[in-house]
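Encoded as structure tokens, the structure appears first; notes follow it.
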Amino acid sequence: MVILDVSVVNVALPSIRSGLHFSAADLQWVVNAYTLTFAGFLLLGGRACDLLVRRNVFLFGMALFALASLVGGLAQSQTMLILARGIQGLGGAVVAPATLSILTSTFTEGGERNRALGAWGAMGAAGGATGVLLGGLLTQTLSWRWILFINVPIGAATALGALRAMTTERPEAATRRNFDLAGAITGTAGLIVLTFGIVKTEQYGWGSARTIVTLAIAVALLALFLLIETRFATAPLMPLGIFRSRQLSAANIVVLLLGASAFAMWYLLSLYLQEVRGYTPIQTGVAFLPGTFALAVAAQLAGKRIHSVGAGRPLALGMALIAIGLVWLGQISVSGSYAGEVLVPFMLAGAGIGATFVSVTVAGMAGVEPREVGLASGLINTSRQIGGSLGLAILATVATTRTSSLLGHTSVHSALTSGFQRAFVLAGILAAVGAVASVLLIPLRRPPRRAPAAEPSVAESAGT
């Protein structure tokens, strides 16, 4: 549901733009309002999973998500929609670490947990695949508003399922209920201001006083966040001690680059297909299906193979596939064929995302203490969302700036395509850096096998 809400919105972006009269630069806030609050409050959501009954945390997040979806569907202005998307992000920040925390606390480290995480990644891919097609169908046959309304019945059904299937067992660490709300607020505010400053460079330039002041405020807020975490917070949202795990630190670096390179692909490709190639929302959703199918298959295969080959190899391969696919997409043209210019590179990138997302999650969670699984999962998801938000801000700004510089000298379609080309190539470079980082920082060797006695039986796993 959480991932569906990103993919379903991507397909509807041109309709939202015309319906509420967004500018090209401001349109990305429909996506970034969600991802920034998602990223900023993920650690708080992960902390809640470590201290409170996980089922209750999950239910709260799901209810908030569904309610915000209803408000967003009813939005009559840009501000109302952006605020609703921000609250959706808050709900998602509670739901996402709760799901991962429930899985990692239910299954012990090893083959069963890897298979569970593979299924978790595949369900995310299923949400992405469902979203792209559902978004096209709802937008074209009803209205873009229904891409948000659809979350309400899904949320209600999921909540009922949680009441039946999840236990009310309290985590072992739930002895002191200290929440670092100040850290969450300053961290989120810093990210929002930083993204706002980057987006507005297209209008004001990097050297303008407005841009410099905005970025300075962002740096000050992020510095205050670090000060709160290291000096004042009783229970820090991001205790620096958790980064003693070299593999967790490395996984966060790679997943940051994953988000920065891959997240904007869906946004840019949706605009290219509809604004340059003239696709309808339904056609765009169908065009996205092969990539999301490749993502789901790769996530499943990676989940099954990681236990025997380790996380490093599929992670490096996945990031390399993303880099190749994105650079290839950078060769798109105004009138080229979908099969020749979009299909194959899109499937390569999709397969890379699936393999990378599962592999980097397993790598990051390896060796984490049970009492910190919520925090660790929150960190991984936070890094991915921060990378995605900043990457989208940078890449969309690069595309818009390039397009604006060419308008008046060439056709609108050619100017748009040139902007998308430049953004895709830059995204591919970021993915290539991530591939190199994964090779250097994540062990490529096969992990040592556990002794038979250390592997839990199926009955023991079910009993947990």
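The values are calculated or read from the model by the stated rules, or taken from the named source; none is laboratory data. Please read all numbers here as calculations on a predicted model, not as lab measurements. With ideal geometry, Cβ positions are generated from the backbone for all residues, glycine too; neighbour counts draw on all protein chains shown.
Going through the stretch 175-188 one residue at a time, which ones are surrounded by 15 or more Cβ atoms within 10 Å (Cβ to Cβ), of a type outside the set (Phe, Trp, Tyr), modelled with pLDDT under 80 and more than 22 Å from the chain's Cα centre (by Cα)?
Asp180
Table: residues versus (1) buried (at least 19 other Cβ atoms within 10 Å of the Cβ); (2) touching a helix residue (DSSP H, G or I) at 6+ places or on another chain (Cβ under 9 Å); (3) charged (D, E, K, R); (4) closer than 22 Å to Met123 by Cα.
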{"residue": "Pro239", "(1), (2), (3), (4)": "no, yes, no, no"}
{"residue": "Ala251", "(1), (2), (3), (4)": "yes, yes, no, yes"}
{"residue": "Gly259", "(1), (2), (3), (4)": "yes, yes, no, yes"}
{"residue": "Trp266", "(1), (2), (3), (4)": "yes, yes, no, yes"}
{"residue": "Val276", "(1), (2), (3), (4)": "yes, yes, no, no"}
{"residue": "Phe288", "(1), (2), (3), (4)": "yes, yes, no, yes"}
{"residue": "Val297", "(1), (2), (3), (4)": "no, yes, no, yes"}
{"residue": "Ala302", "(1), (2), (3), (4)": "yes, yes, no, yes"}
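Going by the conditions given, is Ser270 within 20 Å of Ala427 (Cβ to Cβ) and not aliphatic (A, V, I, L, M)? Spell out the reasoning first.
Numbers: within 20 Å of Ala427 (Cβ to Cβ): yes; not aliphatic (A, V, I, L, M): yes.
Spelling it out, Ser270 is indeed within 20 Å of Ala427 (Cβ to Cβ) and not aliphatic (A, V, I, L, M).
So Leu258 passes all but one of these: (1) part of a loop (DSSP other than H, G, I, E, B); (2) within 22 Å of Arg384 (Cβ to Cβ). Which condition number does it fail?
Only one criterion in (1) part of a loop (DSSP other than H, G, I, E, B); (2) within 22 Å of Arg384 (Cβ to Cβ) is unmet by Leu258, namely (1).
Which count do you get for residues in the stretch 284-311 that are at pLDDT below 75 and not polar (S, T, N, Q)?
8
Return the only residue of Gly408, Gly419 being modelled with pLDDT of 55 or more, buried (at least 17 other Cβ atoms within 10 Å of the Cβ) and not hydroxyl-bearing (Ser, Thr, Tyr).
Gly419
Checking Arg85 against (1) outside any helix (DSSP H, G or I); (2) at pLDDT 85 or above; (3) among the charged types (D, E, K, R), which single condition isn't satisfied?
In the conditions (1) outside any helix (DSSP H, G or I); (2) at pLDDT 85 or above; (3) among the charged types (D, E, K, R), Arg85 misses (1) alone.
Tell me, yes or no, whether the stretch 374-382 has at least one residue that is crowded, with 21+ Cβ neighbours inside 10 Å, modelled with pLDDT under 65, on the phi < 0 side of the Ramachandran plot and not β-branched (Val, Ile, Thr). Steps first, please.
Pass one, the stretch 374-382, residues crowded, with 21+ Cβ neighbours inside 10 Å: 374-382.
Pick out the ones that are also modelled with pLDDT under 65 and you get 374.
Subsequent filtering for residues that are on the phi < 0 side of the Ramachandran plot retains 374.
Add one more test, that the residue is not β-branched (Val, Ile, Thr), and what stays is 374.
Checking the stretch 374-382: at least one residue is crowded, with 21+ Cβ neighbours inside 10 Å, modelled with pLDDT under 65, on the phi < 0 side of the Ramachandran plot and not β-branched (Val, Ile, Thr).
Going through Gln247, Gln203 one at a time, which residue ends up being within 26 Å of the chain's Cα centre (by Cα) and touching a residue at least 60 places away in the same chain (Cβ under 8 Å)? Lay out the reasoning, then the answer.
Numbers: Gln203 fails: within 26 Å of the chain's Cα centre (by Cα).
Testing whether each residue is within 26 Å of the chain's Cα centre (by Cα) and touching a residue at least 60 places away in the same chain (Cβ under 8 Å) leaves just Gln247.
If you check Gly118, Gly91, Gly72, Gly135, which single one turns out to be modelled with pLDDT under 75, in the same structural domain as Gly19 (by TED's automatic domain parsing) and buried (at least 22 other Cβ atoms within 10 Å of the Cβ)?
Every option except Gly118 fails the conditions.
For the stretch 319-358, give me the residue count where each residue is at pLDDT 90 or above, surrounded by 24 or more Cβ atoms within 10 Å (Cβ to Cβ) and farther than 18 Å from Leu269 by Cα.
Number of matching residues: 1.
Out of all the residues in the stretch 377-404, which are under 19 Å from Phe41 (Cα atoms) and polar (S, T, N, Q)?
Scanning the stretch 377-404 gives Ser377, Asn381, Thr382, Ser383, Gln385, Ser389.
Which of (1) surrounded by fewer than 19 Cβ atoms within 10 Å (Cβ to Cβ); (2) farther than 23 Å from Pro153 by Cα does Leu20 not meet, given it meets every other one?
With (1) surrounded by fewer than 19 Cβ atoms within 10 Å (Cβ to Cβ); (2) farther than 23 Å from Pro153 by Cα applied to Leu20, the lone miss is (1).
I'd like the residue in the stretch 304-315 that is surrounded by fewer than 24 Cβ atoms within 10 Å (Cβ to Cβ) and touching a residue at least 40 places away in the same chain (Cβ under 8 Å) and, out of all such residues, is nearest to Val8 (Cα to Cα).
Residue satisfying both the conditions and the ranking: Lys304.
So which residues in the stretch 257-274 are under 21 Å from Met365 (Cβ atoms) and modelled with pLDDT of 90 or more, if there are any at all?
Leu257, Leu258, listed by residue number.
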